[in-house]
Structures are given as C-alpha cells and as structure tokens.
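Taking it in order: structure first as structure tokens, then the write-up.
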Amino acid sequence: MRTAIVSAMHEELSAVLALLPDEQKQAAAGRDFWVGHLHGKEVVAVLSRIGKVAAATTATVLVERFAVDRILFTGVAGGIARGVQRGDVVVADAFMQHDLDASPIFPRYEVPLYGTDRFGTDAALTQELLSAVKRALPSTRLHRGLVASGDRFVSSAAESQALMRALPDVLAVEMEGAAFGQVCRDYGVPFAAIRTISDRADDAAHGDFLSFIDDVASRHSAAIVEAFLRAA
Ligand code: ADE
C-alpha cells in the first residue's frame with residue numbers, strides 16, 4: 001500500500017519531510033517526489049504547488065508514475081462558514097470549484113460532461129483521517145463537509161460573503177482540492193483531504209495566512225500524518 005502525502009507549499013509539508021528517515025528524491029514534471037517510509041508505511045511526499053492545474057498535474061503523476069494507492073492532502077484553507085475559525089480543522093467530504101462557470105451550456109458550477117458540480121472524497125479514508133485528527137489534535141475544533149476550490153486567493157470580506165451567499169454549505173476555500181478530487185475520480189484512486197484554517201478569507205486574510213503557515217501549518221500536518229500512518 002503506497003500512500004501519497006501532498007501539500008501545496010513547502011511550509012505545509014516541511015515537518016512531514018523531516019520525519020522520513022530514508023527518503024529518496026525523484027524528479028518528475030518539474031517537481032520533487034520524496035519516496036520513502038514513515039512508521040513502516042510506503043509513502044510518496046510531494047508539493048503540488050498552488051492552483052488547480054498544478055494540482056491536477058501532481059495527482060496524475062502520482063498515479064501514473066508513482067502508482068500510489070491513495071492520496072492524502074494536507075494544508076491550509078480560508079474559513080467561509082460562520083464558526084469555521086482560524087486554527088480549526090476541516091475534513092473534506094466533497095469538493096467543488098467555486099470559480100467554474102460554463103453556463104448557459106451547463107449549470108453554474110457543474111463540471112462539463114461529468115454531470116455533477118462536486119466530487120466526494122473516499123468515505124473510508126476520510127473516516128480514518130478524521131479519527132487521526134481527533135487523536136493528534138484532541139482539543140482542536142473539527143468540521144466536516146464541503147470545501148470549495150478556485151484559482152483565487154480569497155482576500156476580502158466582500159468576496160467571502162458573496163461566496164457564502166451563493167454557496168451556503170461551503171465550509172472553507174482553498175486552491176487545489178477539487179482538482180485532486182476530479183483526477184482521483186477519473187482514476188478510481190481513493191482521496192481524502194484535511195485543511196487547517198489559516199485565515200477567514202477576509203480583508204486580513206493575507207497577513208493571517210502568512211503568519212499561520214510559518215507558525216502552525218507544518219506542525220499540524222505532521223501530527224495528523226503521523227497519527228494517520230501509525231494506525232493505517
Ligand atoms: N488557502 C488559505 N487561505 C486561503 C484563501 N483565503 N483563499 C484561497 N486559498 C486559501
């Protein structure tokens with residue numbers, strides 16, 4: 001069983017990389033893939049880079065070149081729903097693209113020719129991830145539900161409020177998950193994702209995001225990945 005551990009940015013994955021005792025770096029598609037073991041489990045760790053296209057490339061290479069059996073994404077997100085606050089953790093049940101609009105040919109948000117506007121994460125893997133978060137971060141507030149991806153860093157109260165009005169069930173926004181969800185659906189590879197809330201996607205989002213990824217994101221990711229692989 002080979003597990004891919006993915007984050008968008010180095011700050012989100014550095015503590016996980018430091019845990020791999022025997023990693024070997026392999027280059028593909030302009031990225032470094034660290035192949036090794038963590039708690040005796042085979043892992044491939046990689047930085048996807050930022051945005052949906054970069055995410056789709058990474059997911060495809062993980063499946064085609066590295067033959068991973070499942071993909072786990074860990075990173076940060078901006079909180080959208082009321083009550084989803086900085087430092088909380090969101091485990092994704094499903095992803096959608098908040099910036100996708102092929103209307104009037106297809107309904108707003110629908111992924112053309114897939115007949116749906118959202119891709120669910122793998123139920124069993126998501127449950128395992130949820131249990132790992134509870135063990136690793138017992139005092140952290142946890143949410144589970146829909147996460148929206150888009151090729152935008154949402155950084156104004158006006159935009160986050162507009163998103164909340166248009167998509168009332170969205171908990172948080174980020175820039176990669178829906179692409180992983182779609183590629184993993186295409187290949188039939190189980191996918192699960194966890195996001196720690198770094199900012200509220202409002203006028204303070206930029207500063208909040210930068211301080212959070214330095215201070216907390218990597219440690220959170222490492223604690224969760226360790227708890228997950230120890231049990232897997
Ligand atoms: N990732 C973390 N915060 C974000 C935001 N406000 N918008 C998009 N992606 C994010």
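Taken together, the values in this text are just the output of simple stated rules run on the coordinates, not laboratory data. What you see is a predicted model, and the numbers here were worked out from it, not measured in a lab. So basically every Cβ, Gly included, is an ideal-geometry build from the backbone, and we count neighbours across all protein chains shown.
By the count of neighbouring beta-carbon atoms within 10 Å, fewest first, THR3, THR57 end up ordered THR57, THR3. Its Cα gyration tensor gives the stretch 142-192 an equivalent ellipsoid; the semi-axes, largest first and in whole Å, are 24, 12, 9. Residues whose amide H comes within less than 5 Å of that of ALA77, counting only those at least five positions distant or on another chain, are THR196, ILE197, SER198, ASP199 (H built at 1.01 Å from N in the peptide plane). Exposure proxy shown here: for MET175, MET1, the number of other Cβ atoms within 10 Å sets the order, fewest to most, as MET1, MET175.
The label point for ARG230 and the one for PHE106, both projected 7 Å from the Cα toward the Cβ, are 4.2 nm apart. In the chain, the DSSP-assigned H stretches of four residues or longer account for a calculated mean residue ellipticity at 222 nm of -10000 deg cm²/dmol, using -39500 (n - 2.57) per stretch and the full residue count as denominator. Considering only VAL90, VAL147, VAL111, the Gaussian network model of the chain with Cα springs below 10 Å gives its largest mean-square fluctuation to VAL111. For GLU110, the residues whose modelled amide H falls within less than 5 Å of its own, excluding neighbours fewer than 5 places apart on the same chain, are ALA102. Quick one: of the DSSP bridges fully inside the chain, what percent are antiparallel, nearest 5? Bridges in the chain that DSSP calls antiparallel: roughly 40 percent. In the stretch 9-120, Rg over Rh equals 1.02, where Rg is the alpha-carbon radius of gyration and Rh the Kirkwood radius from pairwise Cα distances. Percent of Cα pairs in the stretch 64-161 per distance bin of 10 Å, from zero to the largest separation: 13, 37, 35, 14, 1. Per the Debye calculation on the chain with a single equal scatterer at every Cα and no solvent contribution, log₁₀ I(q)/I(0) for q = 0.17 Å⁻¹ amounts to -1.23. Note on ALA158 and SER131: the model spin-label points, each 7 Å out from Cα along the C-beta direction, lie 4.8 nm apart.
Take the Cα of LEU142, step 7 Å toward its Cβ, do the same at PHE66, and the gap between the two points is 2.6 nm. Each Lys or Arg adds one and each Asp or Glu takes one away; over the other residues whose Cβ falls under 11 Å from the Cβ of ALA157, this sums to -2. Positive contributions from Lys and Arg (+1) and negative ones from Asp and Glu (-1), summed over other residues with Cβ under 10 Å from the Cβ of ASP88, come out at +3.
Taking amide H as placed 1.01 Å from N in the peptide plane, ARG144 has its amide H under 5 Å from the amide H of VAL91, each at least 5 places away in sequence or on another chain.
Rounded to the nearest 10 degrees, the inclination of helix 123-136 to the longest alpha-carbon principal axis of the chain is 80 degrees. Here the 3J(HN,Hα) profile of the stretch 67-80, calculated from phi with Karplus coefficients 6.51, -1.76 and 1.60 at θ = phi - 60°, is 6, 6, 8, 7, 10, 10, 10, 9, x, 10, 8, x, x, 10 Hz, Gly and Pro shown as x.
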